[in-house]
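I have placed the structure first, in the form of structure tokens, so that the comments after it can refer back to it.
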Amino acid sequence: MINWIWFFLLASGIVLAGCSDSAPQVTDAILAGARDAVTLVIGLMGLIAFWSGLMEIAEKSHLIKLFARLLRPFTRWLFPDVPPDHPAMGAVIMSMTANMLGMGNAATPLGIKAMEKLDELNSQPGTATDAMCTFVAVTTSSLTIIPVTVIALRAAAGSKDPAGIIGPALAASAISTLAAVVTDKLWRRLSRRR
Amino acid sequence: MLISTMEAISRWAIPAIVLGIPLWGLIRGVRIYEAFVEGAKQGLATAVRITPYLIAMFVAVRVFRTAGGMDLLLRAATPLTKALGIPPEVVPLALIRPLSGSGSLSILGELLQTYGPDSLVGMTASAVQGSTETTLYVITVYFGAVGVTRARHALPIGLWSDLVGFLAAVYICSRLFA
């Protein structure tokens, strides 16, 4: 599916540009896109390295295992195929917590860590496991308690009640997370039957 | 009270973690400096590993947007959004959201400036931004980090939950603020 989306974005863009005779702009877009990606990685590199370092301490001191044990009933239901005491479980929980607290970019390295731990349980490298799909589904549905960036933008625009968005955003993201979890569960069941 | 508590938590969460984890490590007798360096080294390798995936996705998204693909998508979606009673102003935000985090933030900023942060459009746009995610980016980075190219059902479910989050935000805001 990613193959098709990637091709669709590129091909439709280039065809459209051909219709409106804006090939030079497309060339600029290619250069700018590639440069932006590298700029982002450079900006993110320090942060990823820093969090990975902290997480190594957390793992060596069994903090992640402790974390995993606390939320075991919930995660056992969400990730039935991950051993409850496996470090992957703790990493997944840490990443989900960071996302819920609205840590944004700080949550990304934790998510990457969780994916690496989940990959240790992967018998077919290169293909996503059920647990990876569930984890990504929960992450992309973004159950956020405090949308920090949005509140900051609203305050900057002169809102009388910048934080007034917390309630509606929390309700909407709870609904979308529920939709993601239910669909994921159904998908698992259907794909197992096949 | 609840809100100020939550804001305090989000402000202090990172410093508290950065103090707490090494402290816990010391108490448990871990050689924290060596462990940190070891982990950070792996982190650098991860950053390099996700780069090709990001380049692929960023170039495609940028080409698509530059050529006006977004506007075309928007025009195609208009009859549907009208029928559902969705404010047309927030539709561009919903379409760009899964593709580009900075793009969606700049659209949200524009909407807040133009319509006011406390208007129906401003509230709806804020709720949409807060309840959806840059799905394509998350999938690119997360799966890129472990070299997974067959993402199976992760992408459809991610896009589906963005759609549900968008519709829920529109509905809730139209009930609360219209």
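Read the figures in this text as sums done on the coordinates, not as results from a lab. The shown structure was predicted, so the numbers you read here are calculated from the model rather than taken from an experiment. A quick note on method: Cβ atoms are made from the backbone with ideal geometry, for glycine too, and the neighbour counts reach across all protein chains shown.
Quick check: pseudo-label points 7 Å beyond the Cα along Cα→Cβ at B:Y33 and A:I5, how many nm apart are they?
Each label point is offset 7 Å from its Cα along the Cβ direction, giving 4.5 nm.
Just how large is the dipole of the range B:50-177 about the Cα centre, in debye to the nearest 20, putting +1 at every Lys and Arg Cβ and -1 at every Asp and Glu Cβ?
It works out to roughly 360 debye.
Explain nothing, just the number: dipole magnitude of the protein assembly as shown about its Cα centre with +1 on each Lys and Arg Cβ and -1 on each Asp and Glu Cβ, in debye rounded to the nearest 20.
Around 900 debye, computed over the protein assembly as shown.
If you average the C-alpha positions of the range B:100-167 and of the range A:96-160 separately, how far apart do those two centres end up, in angstrom?
Between the Cα centres of the range B:100-167 and the range A:96-160 lies a distance of 12 Å.
Looking only at other chains, what is the average number of their beta-carbon atoms within 10 angstrom of each beta-carbon in A:117-125?
2
Using only helices, what value at 222 nm comes out for chain A when you add -39,500 (n - 2.57) per DSSP H run of length 4 or more and divide by the total residues, to the nearest 500 deg cm²/dmol?
Helix contribution divided over all residues of chain A: -25000 deg cm²/dmol.
What is the spin-label model distance, in nm, from A:T27 to A:K160 if the labels are put 7 Å beyond Cα along the C-beta direction?
Here the answer is 5.4 nm between the modelled labels.
What is the local net charge at B:A35, summed over the other residues whose Cβ is closer than 9 Å to its Cβ (Lys, Arg +1; Asp, Glu -1)?
So the surrounding residues net to -2.
Give me the inter-chain shielding for B:22-31: mean count of other chain Cβ atoms within 10 Å, whole number please.
Taking all residues of B:22-31 together, the mean is 4.
Quote the FRET efficiency, to the nearest 0.05, computed for B:A178 versus A:S123 with a Förster distance R0 of 45 Å and r equal to the Cβ-Cβ distance.
Taking R0 as 45 Å, the efficiency between B:A178 and A:S123 is 0.30.
For the range A:108-117, take each phi angle, set θ = phi - 60°, evaluate the Karplus expression 6.51 cos²θ - 1.76 cosθ + 1.60, and give the result in whole Hz per residue in order, putting x for glycine and proline.
4, x, 5, x, 4, 4, 4, 5, 5, 5
Out of B:A83, B:A60, B:A94, any idea which swings most in a Gaussian network model of chain B, alpha carbons joined below 10 Å?
Comparing B:A83, B:A60, B:A94 in a Gaussian network model of chain B, the most mobile one is B:A83.
Using a 10 angstrom cutoff on alpha carbons, build the Gaussian network for chain A and name the most mobile of A:D28, A:D184, A:D130.
A:D28
Mind pulling the angle between the C-alpha long axis of helix A:166-193 and the longest principal axis of chain A? Nearest 10 degrees, somewhere in 0 to 90.
80
Using the Cα centre of the range A:52-193 as the reference point, and only Cβ charges (+1 on K/R, -1 on D/E), how large is the resulting charge dipole? Debye, rounded to the nearest 20.
Using Cβ point charges on Lys, Arg, Asp and Glu, the range A:52-193 gives about 380 debye.
Label the range A:52-193 by shape, choosing from rounded, prolate and oblate, from the square roots a ≥ b ≥ c of the eigenvalues of the Cα gyration tensor; if a/c is under 1.5 it is rounded, and otherwise prolate applies when a/b is larger than b/c, oblate when it is not.
oblate
Using a simple spin-label model with points 7 Å from Cα along the Cα→Cβ vector, what separation in nm is obtained for A:L47 and A:A34?
2.5
On average, how many beta carbons from a partner chain sit within 10 Å of the beta carbon of a residue in A:11-21?
Across the residues of A:11-21, the mean count of other-chain Cβ atoms within 10 Å is 4.
Tell me the net charge near B:T46. Cut-off is 12 Å between Cβ atoms, B:T46 excluded, with +1 for each Lys or Arg and -1 for each Asp or Glu.
Result for the neighbourhood of B:T46: +1.
Averaged over every viewing direction, what's the projected area of the C-alpha convex hull for the range B:50-177? Give it in nm², one decimal, please.
Answer in nm², one decimal: 8.0.
For the range B:66-112, list log₁₀ I(q)/I(0) at each q in 0.15, 0.18, 0.25 Å⁻¹, using the Debye formula over Cα point scatterers of equal strength and ignoring solvent, two decimals each.
-0.38, -0.55, -0.97
Which is farthest toward the positive dipole end of the range A:52-193 among A:F79, A:T108, A:I151, measuring Cα position about the Cα centre, with Cβ charges +1 (Lys, Arg) and -1 (Asp, Glu)?
A:F79
Using the charge dipole of the protein assembly as shown (Lys, Arg: +1 at Cβ; Asp, Glu: -1 at Cβ; taken about the Cα centre), state which of B:W12, B:V59, B:H153 has its Cα farthest towards the positive end.
Farthest towards the positive end: B:H153.
GNM on chain A, C-alpha springs below 10 Å: top fluctuator among A:M96, A:M115, A:M45?
Evaluated over chain A, the most mobile residue of the options is A:M45.
Toward the positive end of the charge dipole of the range A:1-115, about the Cα centre and with charges on Cβ (Lys, Arg +1; Asp, Glu -1), which of A:A29, A:G18, A:G43 goes farthest?
A:G43
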